[in-house]
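A quick write-up on the structure given underneath.
The values are calculated or read from the model by the stated rules, or taken from the named source; none is laboratory data. In this text, all values refer to a predicted model and were calculated from it rather than measured experimentally. Ideal geometry is used to build each Cβ from the backbone, glycine not excepted, and the neighbour counts take in all protein chains shown. Remember, those area values only see protein heavy atoms, side chains included, never the ligands or the DNA or RNA. Shrake-Rupley method; radii C 1.70, N 1.55, O 1.52, S 1.80 Å.
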Amino acid sequence: NVCKQQLEHEVSLYQLTPCEDPSNQDPKYQRSNIRKWIASMPVELDPDLFKSRILQSLNHLKKSADDLKKLFVKELAERVIISRDATAIYDFNPHSNEIETLILTHLLTMVSGANNMPRAESVERILNKFSSHESCKVTLHGCMVQKQGTKIRIYRCFGKAPPTPIALSAKIKWDNRWRCNLSDKNLTVSYLGMSDYIKLKKDANFVKQSNKLNKNILFTLPVVFDLEKVVAIPHIDYYNSGTFQDVFFVFEPNYTSRLIHFC
C-alpha cells in the first residue's frame, strides 16, 4: 500500500542509493505493461483514482485471503491426522469447497513427498466427485485418495514409477519421505515386491504382524534388505535378524506442517 513517491522520499531521506528492478521495464511482464497503460491514461480519466480503486480491490482480496487462511489453519489442526505409516485421514465437508481444496492439496503434497503441489483444477475435480459419491477412490499426485462416508484416506501409490533402492543411510531420504536412524552400506532400503511378499507369507510372524496393516500401504513402506532376504520392516515390527531390531524410519516429507497431528 506504499506508493512509489513515498518510497523515493524515504530513500532520499536516509540518503540511500535505490536499486531499480530492470524487469519493471520489461514488456514481457504484465505488470510493466499495466504501469505503462496507467501512465498513458488521459488526465480526464483520473489515473490516480484508478490506482486507488485497484488498491482498494487488492485490500478486499487480501482480507478475504487472510480470513480463509485462518479458517484453513483451524480446520487443518482439528480435522487431520497422519499415522506413522504416512496415511492421512480427515473428515470431508462437502459444503466448504475452498477449505477442502486447500486441505487436500496440502495433504497430497505431504503424503506423496513431492516438491510441487498438484494442480488446483485436478483437486477440485476429485472433490466434486466426492460430493456426489458415498464411496470412491482415485489416484492423484502419487497418492491414492479414498472416500468412505465422510472419511477421506490418503496414502502413497507408486503406480508405474516406484522409488529406487538405496543403501541404508541416515543422510538420504528414501522415496523423498523416509529418514532412517542408521547407516549401513551393506544393507539396502527398498519397497516390498510381490515375490518377496510371497516368500514372507511362509513366515508366521510376518503374517501375524502384516495383518495389522492395510496391504496396499504395506507395499509402499520402507523395507531393509541384505543381499539375500528382507531384514526388517520396522512399521509392522517385523525383524528377520536380531541384529537390526533397533532400526526405524521417520516420516520426513519435503513439505510438512506443524499443524498436523501425527499418531
Can you confirm whether the range 159-166 contains a residue that is touching a residue at least 12 places away in the same chain (Cβ under 8 Å), surrounded by fewer than 18 Cβ atoms within 10 Å (Cβ to Cβ) and assigned to a strand (DSSP E or B)?
yes
State whether one or more residues within the range 114-121 are out of contact with any Phe, Trp or Tyr (no Cβ under 6 Å at 6 or more places or on another chain), more than 21 Å from I217 (Cβ to Cβ), in a helix (DSSP H, G or I) and not β-branched (V, I, T).
yes
Out of all the residues in the range 216-224, is one or more under 25 Å from A88 (Cα atoms) and free of Cβ contacts under 8 Å to residues at least 12 places away in the same chain?
no
Counted residues in the range 175-210 being farther than 28 Å from R153 by Cα and either open to solvent by 10 Å² or more (accessible area, probe 1.4 Å) or without any contact (Cβ under 8 Å) to a residue 40 or more places away in the chain (or both) come to 10
With the requirement that a residue be at negative phi and open to solvent by less than 10 Å² (accessible area, probe 1.4 Å), what does the range 76-105 give you?
L76, V80, I82, T87, A88, Y90, I99, E100, I103, L104
Residues of the range 1-37 satisfying the condition of being in a helix (DSSP H, G or I), among the β-branched types (V, I, T) and modelled with pLDDT of 85 or more:
V11
Assess whether R153 counts as being within 27 Å of V231 (Cβ to Cβ), assigned to a strand (DSSP E or B) and open to solvent by 20 Å² or more (accessible area, probe 1.4 Å).
no
Inside the range 101-127, the number of residues satisfying the requirement of being of a type in the set (D, E) and either at pLDDT below 90 or within 13 Å of N254 (Cβ to Cβ) (or both) is 0
Inspect the range 49-66 for any residue being outside any helix (DSSP H, G or I) and open to solvent by 100 Å² or more (accessible area, probe 1.4 Å) and give the result as yes or no.
no
Answer with yes or no whether L213 is surrounded by fewer than 20 Cβ atoms within 10 Å (Cβ to Cβ), in contact (Cβ under 8 Å) with a residue 24 or more places away in the chain and not basic (K, R).
yes
